[in-house]
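What follows is one structure encoded as structure tokens, with my remarks underneath.
The values are calculated or read from the model by the stated rules, or taken from the named source; none is laboratory data. Because the structure is predicted, anything quoted here is derived from the model rather than measured. Counting neighbours? That spans all protein chains shown, and the Cβs are built from the backbone with ideal geometry, glycine included. When the accessible area is computed, the model is the full protein with side chains, heavy atoms only, and any ligands, DNA or RNA have been set aside. Shrake-Rupley method; radii C 1.70, N 1.55, O 1.52, S 1.80 Å.
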Amino acid sequence: MSKGRAEAAAGAPVLLLKYLQEQNRPYSAQDVFGNLQREHGLGKATVVKALEQLAQQGKIKEKTYGKQKIYFADQDQFDMVSDADLQGLDAKIVALTAKVQSLQQSCRHMEAELKELTSAMTTSEMQKEIQELKKECAGYTERLKNIKAATNHVTPEEKEQVYRERQKYCKEWRKRKRMATELCDAILEGYPKSKKQFFEEVGIETDEDHNVKLPDP
């Protein structure tokens, strides 16, 4: 055992006695070990041995429930508490509980504010962002100026005419494709070869051969 662990083991009874008296509530050896191990580095075997030693010396009380032993401070060492004192303690608990809730709420608000401030841009970052936006805005302004100054604008009437012509040609395209398909299907009914061979012999090229898709109506 290292020197540090030996010192911790030697001082364990005093530490555990003080802890049980301050908390004044029942604990198992596992509870005590879990509560004090991180802060004081006590091993579980050391905790169990110290608790058994204190119980044997009569400094703490030990109760067995099934296979588990429970340890707690000797209640004889504490003064009797009157009903009035208990009521006062209950009132104090209620007040402290309300204060804790208020502080927790305040803490949550401050954490939210801190998170917002942490995620916000710094002054230098904002200044850089402003310069970038101004530069971008100037580019859009210049582009708009050139568009307004242009003389080759398309009027709404011309635009509508283009759409009408497109619709007309697409309709005719769809009609002729349907007629050609029906004609080819009729010929292929008595054609001894495959459709692909027929197209190659006749020299027919389809929209699909050129990756062309008929626009939606």
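General remarks:
- Only helical runs count toward this figure. For the chain, summing -39,500 (n - 2.57) over DSSP H runs of n ≥ 4 and dividing by all residues gives -23500 deg cm²/dmol at 222 nm.
- Considering only trypsin sites (Lys or Arg not before Pro) in DSSP loops that have at most 10 other Cβ atoms within 10 Å, the longest stretch of the chain without any of them is 68-192.
- With DNA, RNA and ligands ignored, accessible area of F72 (1.4 Å probe; Å², nearest 10): 40 Å²
- Within the full protein context, the accessible area of I147 is estimated at about 90 Å² for a probe radius of 1.4 Å.
- Derived scalar couplings between HN and Hα for the stretch 141-155 equal 4, 5, 5, 5, 4, 5, 5, 5, 7, 5, 10, 9, 5, 8, 6 Hz in order, rounded to whole Hz, by the Karplus curve 6.51 cos²θ - 1.76 cosθ + 1.60 (θ = phi - 60°), x for Gly and Pro.
- Counting only GluC sites (Glu not before Pro) that DSSP places in a loop and that have at most 11 other Cβ atoms within 10 Å, the longest clean stretch of the chain runs over 1-188.
- Reach of K135 by Cα under 21 Å, taken over lysines that are not fewer than 8 positions away in the same chain: K145, K148
- Its relative contact order, with pairs defined as Cα atoms under 8 Å and 6+ residues apart, puts the chain at 13 percent.
- Applying D = kT/(6 pi eta Rh) to the stretch 123-212, where Rh is the Kirkwood radius over alpha-carbon pairs, T corresponds to 25 °C and eta to 0.890 mPa s, the Stokes-Einstein value obtained is 128 µm²/s.
- N146 versus E113: modelled label distance in nm, points set 7 Å from Cα along the beta carbon direction: 5.0 nm
- Residues whose placed amide H lies under 5 Å from that of I60, excluding near-sequence neighbours: A55
- Taking amide H as placed 1.01 Å from N in the peptide plane, the amide H of S28 sits under 5 Å from that of Y71, each at least 5 places away or on another chain.
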